[in-house]
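The values are calculated or read from the model by the stated rules, or taken from the named source; none is laboratory data. Everything numeric here is computed off the predicted structure, so don't read it as measured data. When we count neighbours, we look across all protein chains shown, and the Cβ atoms used for this are built from the backbone with ideal geometry, even at glycine. Just so you know, the surface numbers come from the protein's heavy atoms only, side chains and all, with ligands and any DNA or RNA stripped out. Shrake-Rupley method; radii C 1.70, N 1.55, O 1.52, S 1.80 Å.
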Amino acid sequence: MKGKIIKSTGSWYQVLELETNKIFEARIRGKFKLIKTRLTNPLAVGDFVEFQLEQDDIAWITKIEPRSNYLIRKSVNLSKEAHIIASNIDLACFIFTLKHPETSLGFLDRFLACCEAYNITPLILFNKIDVLHEEEIEIVKDVEFLYQEIGYNTLEISSYSRLNLEQLEEILKDRTSVFFGHSGCGKSTLVNALQPGLNLKTSEISDTHLKGKHTTTFAQMHFWDFGGNVIDTPGVREFAMIDIEKEEVQHYFPEIFKKREECKFHNCLHVNEPKCAVLDALETGEIQHSRYSTYIKLMDEAEEASQK
């Protein structure tokens, strides 16, 4: 039987049988757990699998189909490197909030680099526009323009005033999407606004630290009445890239990758090389310092990983 993983709690899974749309509780055979991997989880929501039924309609997963793509986060398990957040994604939506909580550009840039690396289409959603003052809205528009200039799609939204939610529905329709952002950025509230009746648990921002509390504790797929589905994920603190060479990182920053053709040396890493077009563009403001800073950090991480 063939199915799709729609919920993962770590030890148990829910699998949707593709022909009948019946949902089964599922487990994995020990052999999957024995596979040597740098990932903490052998299966992720979005995975296509083969399974067989045994007594009490318990499904045993026997095979994982190859993934078209996936996104991963850094693992809290020190013996492993990363944890798959979701797989086989058509669209990854990053929810950016200027405040309550404040989203760092470095976090956004790391997310976009991961999307580039794993061939996933990103969409930046500027959320909670309705709570911003005029000066703050101008800041959002400046950030939005910065990323549009690089080539990324953006949309200003509000779950409460329903700003541009109909437009967002058209974008999400008939696709497998995933929502990302800091805890408290409004992921679950947005899902509830797009699919009334789901009643996902939401939480207020902590006044003390102005950070969100984790309300989603495991990944789960929810289905839209207008077609398609979304994978709701726990708040992600840091995205990760594994098996990436230091020299590859520039491929995942479109504006840097484009400029590299003008560098004197074909193997330029844009750090301190002479006649580097990227460093020149950094001086003129054509390339943003925040983006370049993330680029350098990812290169350092790739070099550290290669030495382990």
*Assess whether ASP109 counts as being of a type in the set (Asp, Glu), assigned to a helix (DSSP H, G or I) and surrounded by 19 or more Cβ atoms within 10 Å (Cβ to Cβ).*
yes
*Would you confirm whether any residue within segment 176-186 is free of Cβ contacts under 8 Å to residues at least 12 places away in the same chain and of a type outside the set (Gly, Ala, Ser)?*
no
*Report, ordered by the first and then the second residue, all pairs with beta carbons closer than 8 Å, sequence separation of six or more or different chains, a first member in segment 146-158 that is surrounded by 15 or more Cβ atoms within 10 Å (Cβ to Cβ), and a second member that is of a type in the set (Val, Ile, Thr) and in a strand (DSSP E or B).*
TYR147/ILE124; TYR147/THR154; TYR152/ILE124; THR154/ILE124; LEU155/ILE124
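Residues checked against (1) open to solvent by 70 Å² or more (accessible area, probe 1.4 Å); (2) at pLDDT below 95; (3) within 29 Å of GLY228 (Cβ to Cβ):
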position	(1), (2), (3)
ARG27	yes, yes, yes
PHE32	no, yes, yes
ILE35	yes, yes, no
ARG38	yes, yes, no
PRO42	no, yes, yes
ASP47	no, no, yes
ASP57	yes, yes, yes
ILE61	no, yes, yes
*Write out, first by first residue and then by second, each pair whose Cβ atoms fall under 6 Å of each other, whose residues are 6+ apart or on separate chains, and whose first residue, in segment 236-253, is open to solvent by 60 Å² or more (accessible area, probe 1.4 Å) while the second is among the aromatic types (Phe, Trp, Tyr) and modelled with pLDDT of 95 or more.*
HIS251/PHE257
_Among the residues listed as GLU136, GLU116, the single one being open to solvent by 60 Å² or more (accessible area, probe 1.4 Å), at pLDDT 95 or above and either of a type in the set (Lys, Arg) or assigned by the TED database to the domain that holds VAL178 (or both)_ = GLU116
*asked:* If THR189 meets every condition in (1) modelled with pLDDT of 95 or more; (2) not in a loop (DSSP other than H, G, I, E, B) apart from one, which number is that one?
replied: (1)
*Do we find a residue being part of a helix (DSSP H, G or I) and open to solvent by 10 Å² or more (accessible area, probe 1.4 Å) anywhere in segment 63-86?*
no
_Given the condition modelled with pLDDT of 95 or more, open to solvent by 100 Å² or more (accessible area, probe 1.4 Å) and part of a helix (DSSP H, G or I), answer yes or no: does some residue in segment 268-279 qualify?_
no
_Checking ASP174 against (1) farther than 14 Å from ILE95 by Cβ; (2) part of a helix (DSSP H, G or I), the condition it does not meet_ = (2)
*Would you mind stating whether GLY184 is at positive phi, modelled with pLDDT under 95 and surrounded by fewer than 20 Cβ atoms within 10 Å (Cβ to Cβ)?*
no
*Using the structure shown, decide if ILE124 is in contact with a Ser or Thr (Cβ under 6 Å, 6 or more places away or on another chain), β-branched (Val, Ile, Thr) and open to solvent by 10 Å² or more (accessible area, probe 1.4 Å).*
no
